Amino acid sequence: MTPRVLLLAGHEPTGRAGLLADLSAARARGAEAVAIPTGQTAQGTRTFGTFPSPARVLAAQVAAARELGPLHAVKLGMVVGPAQLRALRAVLADLDAWWVVDPVVRTSRGQVLSRLSARDYLGLAGPRVVLTPNLDEAAWLLGRPVPRTVAEASDAAGALHRFGFGAVLVKGGHLPAGQGVADVLALASRVRVLVGRRLARPATRRGTGCRLASALAAELGRGRPMVTAVRLARAQVARYLRTGQD
């Protein structure tokens, strides 16, 4: 089966992150990707800005995409503001598919990308929604300090899962040296720690969170079990870090 995946994210023209990174990752998993920009970004060495897509344009583009075929999964990345989120929720309200929500609110440099609140993201919880925050985003969502150990990351994943998400994957790539590299997957049955190897990350290889979420959406859309889908998505990100190819 070829899953048809709706990618909703900000457009970063270099493709190092955002919608173009999503598109590359989803296609690498064999998905048919529908890529709709929730906003435009300008991210240079001195220039920075975010510019939201009009809510009515987003709604029309998603509606048109649905008319052309079924959607098997949705990946939601950067959303500039509440109006865009409301439009997307309305036009997708009846969709029976997995959502992978990557709560992108700041760049790696700390620049603000989104005006959404933690409550906005937590309000997306549902049995077929996977939340994929990194350590900083998990702390922001919960209003607590950033996890510094695997045990703290596990506790954060469990706390977020209790809001009603089908699964929560807390990405631990930025755990302090000595903690190793471990992502934490919280499911209804248990919390799993997925241990990995720390890989060198060239400055040009950004957007690993975007790629992970999009690869995960593709595999869930194909019908993979959650743990299998997560492992395949993690393996793809590791390959990207090693080779620069999705």
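The values are calculated or read from the model by the stated rules, or taken from the named source; none is laboratory data. Keep in mind that this is a model prediction, so the values were computed, not measured. Virtual Cβ from ideal backbone geometry, glycine too; neighbours counted across all protein chains shown.
Here are some notes:
- Just so you know, in segment 97-124 the residues that are in contact with a Leu (Cβ under 8 Å, 6 or more places away or on another chain), at pLDDT 95 or above and not in a loop (DSSP other than H, G, I, E, B) include one that is surrounded by the most Cβ atoms within 10 Å (Cβ to Cβ), and it is Val100.
- The set of residues in segment 213-232 being under 18 Å from Val191 (Cβ atoms) and touching a residue at least 60 places away in the same chain (Cβ under 8 Å) consists of Leu216, Met226, Val230.
- Looking only at segment 21-41, and only at residues there that are assigned to a strand (DSSP E or B) and of a type in the set (S, T, N, Q), the one that is surrounded by the fewest Cβ atoms within 10 Å (Cβ to Cβ): Gln40
- In segment 42-72, residue farthest from Gly110 (Cα to Cα) [restricted to those that are surrounded by fewer than 14 Cβ atoms within 10 Å (Cβ to Cβ) and basic (Lys, Arg)]: Arg56
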